[in-house]
Amino acid sequence: MSGKKKPIYLDYNATTPVDHAVTKAMLPYLGAYFGNPSSSHAYGRQSKEAVEHARTQVAQLIGAKPEEIVFTSGGTESDNHAIIGTILASDKEKRHIITSQIEHPAVLNTCRYLEERFGCGVTYLPVDKRGSVNPQSVERAITKETVLITIMHANNEVGTIEPIEEIGGIAHERGITFHTDAAQSCGKIPVNVGDLRVDLLTLAGHKLYAPKGVGALYVRGGVKLDSFIHGAEHEDGRRAGTENVPYIVGLGKASELARQKLPRYGERTRRLRDELHDGLRDGLGNGRVKLNGHPERRLPNTLNTSIRGIVGETLLEQLPEIAASTGSACHSGSVDPSPVLLAMGLDRELALGAVRVSLGRWTTGEEIARASRMIVGSARSQLRAGDFAAGKRN
């Protein structure tokens with residue numbers, strides 16, 4: 001992209017840029033403060049203090065105690081540790097997991113692995129047309145073998161916020177460990193582990209303006225969780241491996257910034273998101289633009305719409321000036337609809353017409369206005385081409 005104007009970045013749910021303040025906080029630990037946190041001398045103590053300060057910063061973001069935070073390599077490891085660790089720690093002969101059909105692959109594929117490798121039973125709950133899990137369906141799915149419920153806090157494609165508090169209450173009444181993947185919600189909406197009534201919570205640094213390759217797992221005190229990586233007694237014996245001090249410092253600083261910016265973040269991104277939505281409906285017609293996800297209980301930065309008559313992947317290919325995504329999977333030139341949208345009941349044509357835009361800390365009103373015009377123009381062009389092709393067939 002050197003020498004050219006950078007595309008408008010509207011894919012913050014995929015990853016965020018590292019905040020300059022985060023980079024600044026990390027730099028000393030890439031140079032002068034290089035000690036191993038496990039060493040007892042001055043160099044080690046400097047690093048150890050930095051790690052523990054970051055642990056406090058992360059804990060404060062989600063209303064946890066510092067000792068309940070385990071640093072990991074990212075959201076995928078945190079999900080794997082939460083799910084596999086709970087299963088291996090269970091003393092039940094048969095083990096059953098409840099999850100949903102719209103979870104991140106880090107959850108779904110881990111559950112499938114446990115089904116195939118260890119014979120665990122897994123119930124994959126459906127969602128409604130807005131992408132919401134029904135708490136009553138969770139309760140009905142519980143059996144005497146159920147040891148874990150894992151439901152994401154907010155969906156990464158459509159932004160729907162799940163009724164985690166209610167599900168947490170059900171899990172606690174039945175004595176079942178409850179995990180939520182909050183990688184998309186932390187820093188965008190208030191996340192408090194006490195209010196959510198969760199036992200385990202996943203957090204990913206690169207969704208939070210920290211670097212890729214660092215994350216955290218909240219483990220409520222007293223929760224039984226088997227070690228996932230074995231070695232020395234790092235992270236209080238819960239995750240072996242010398243701590244990645246610079247990245248942990250970055251995650252801590254990012255968590256502190258997120259907590260400070262949260263009140264203004266939601267209001268600002270929601271306004272810009274809705275301006276983009278209005279622009280698409282005004283330009284293409286309200287009947288042609290379908291909102292995917294819950295209209296209210298949704299992340300403030302996320303807009304997933306299906307445009308009837310167009311293919312989202314083709315639209316974005318025609319718009320190199322915009323960096324966004326569809327949620328669909330491309331395999332050898334063929335495009336498969338998003339499993340999340342299909343689980344929500346969309347037909348194949350509408351699912352293929354989906355475009356997800358996700359806003360962030362540095363999205364501007366001017367960018368939103370420009371993106372709206374370009375998406376409308378590209379969609380109209382694709383629709384005209386479709387009409388022309390249909391005319392030739394007739």
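The values are calculated or read from the model by the stated rules, or taken from the named source; none is laboratory data. The structure presented is a predicted model; accordingly, all values stated were derived computationally and were not measured. We place every Cβ from the backbone using ideal geometry, glycine too, and count neighbours over all the protein chains shown. Only protein heavy atoms, including side chains, enter the accessible area calculation; ligands, DNA and RNA are left aside. Shrake-Rupley method; radii C 1.70, N 1.55, O 1.52, S 1.80 Å.
Tell me the net charge near residue 15. Cut-off is 10 Å between Cβ atoms, residue 15 excluded, with +1 for each Lys or Arg and -1 for each Asp or Glu.
Cβ neighbours under 10 Å give a net charge of +1.
So how far apart, in nm, are the two label points at residue 317 and residue 89 if each is 7 Å from Cα heading toward Cβ?
About 4.7 nm separates the two model spin labels.
Once you list every other residue whose beta carbon is under 13 Å from the beta carbon of residue 156, what net charge do they have if Lys and Arg are +1 and Asp and Glu are -1?
With Lys, Arg at +1 and Asp, Glu at -1, the neighbours total -2.
Starting from the Kirkwood Rh over alpha-carbon pairs, what translational D in µm² s⁻¹ does the stretch 144-297 have by Stokes-Einstein at 4 °C and 1.567 mPa s?
Translational diffusion coefficient: 73 µm²/s.
How would you rank 152-165, 15-28, 294-307, 195-208, highest first, on the average number of other Cβ atoms within 10 Å across their residues?
Result, highest mean first: 195-208, 152-165, 294-307, 15-28.
For residue 42 and residue 373 in one chain, what is 0.36 nm times their gap in residues minus the Cα-Cα distance, to one decimal in nm?
Extending this stretch completely gives an extra 113.4 nm.
Excluding ligands, DNA and RNA, what is the solvent-accessible area per residue of the stretch 130-229 at a probe of 1.4 Å, expressed in Å²?
Each residue of the stretch 130-229 exposes 31 Å² on average to a 1.4 Å probe.
Show me the trypsin sites (Lys or Arg not before Pro) within the stretch 34-107 that DSSP assigns to loop and that have at most 16 other Cβ atoms within 10 Å of their Cβ.
Sparse-neighbourhood loop trypsin sites (Lys or Arg not before Pro): 92, 94.
Against the longest alpha carbon principal axis of the chain, how many degrees, from 0 to 90 and to the nearest 10, is the axis of helix 75-89 turned?
50
About its Cα centre, how strong a charge dipole does the chain have in debye, to the nearest 20, once Lys and Arg get +1 and Asp and Glu get -1 at the Cβ?
That gives a dipole near 1120 debye.
Considering only 211, 177, 247, whose Cα is most displaced toward the positive end of the charge dipole of the chain, charges sitting on Cβ of Lys, Arg (+1) and Asp, Glu (-1)?
In the chain, that residue is 211.
I want the local charge near residue 289. Using Cβ-Cβ distances under 11 Å, sum +1 for each Lys or Arg and -1 for each Asp or Glu among the other residues.
Net charge around residue 289: +2.
Using only DSSP helix segments of four residues or longer, with each worth -39500 (n - 2.57), what per-residue ellipticity at 222 nm results for the chain after dividing by its residue count and rounding to 500?
Rounded to the nearest 500, the figure is -13000 deg cm²/dmol.
Of all the Cα-Cα pairs you can form in the stretch 17-132, what percent are over 23 Å apart?
Counting pairs separated by more than 23 Å, the tail of P(r) holds 53 percent.
Once the Cα gyration tensor of the stretch 301-386 is diagonalised, what are the square roots of 5 times its eigenvalues, in whole Å and ordered largest first, as equivalent ellipsoid semi-axes?
Semi-axes, largest first: 21, 16, 12 Å.
With r as the distance between the Cβ atoms of residue 274 and residue 32 and R0 = 51 Å, compute the FRET efficiency 1/(1 + (r/R0)^6) and round to 0.05.
With a Förster radius of 51 Å, E is 0.65.
Expressed in nm², what is the orientationally averaged projection area of the convex hull enclosing the Cα positions of the stretch 151-207?
Averaged projected hull area, Cα only: 3.6 nm².
Would you be so kind as to identify which of 20, 109, 137 lies farthest towards the positive end of the dipole of the chain, taking Lys and Arg as +1 and Asp and Glu as -1 on Cβ and the Cα centre as origin?
Toward the positive end, the furthest listed residue is 20.
Quick one: Kirkwood hydrodynamic radius for the stretch 160-240, alpha-carbon pairs, angstrom, one decimal?
Value: 13.9 Å, from the Cα pair sum.
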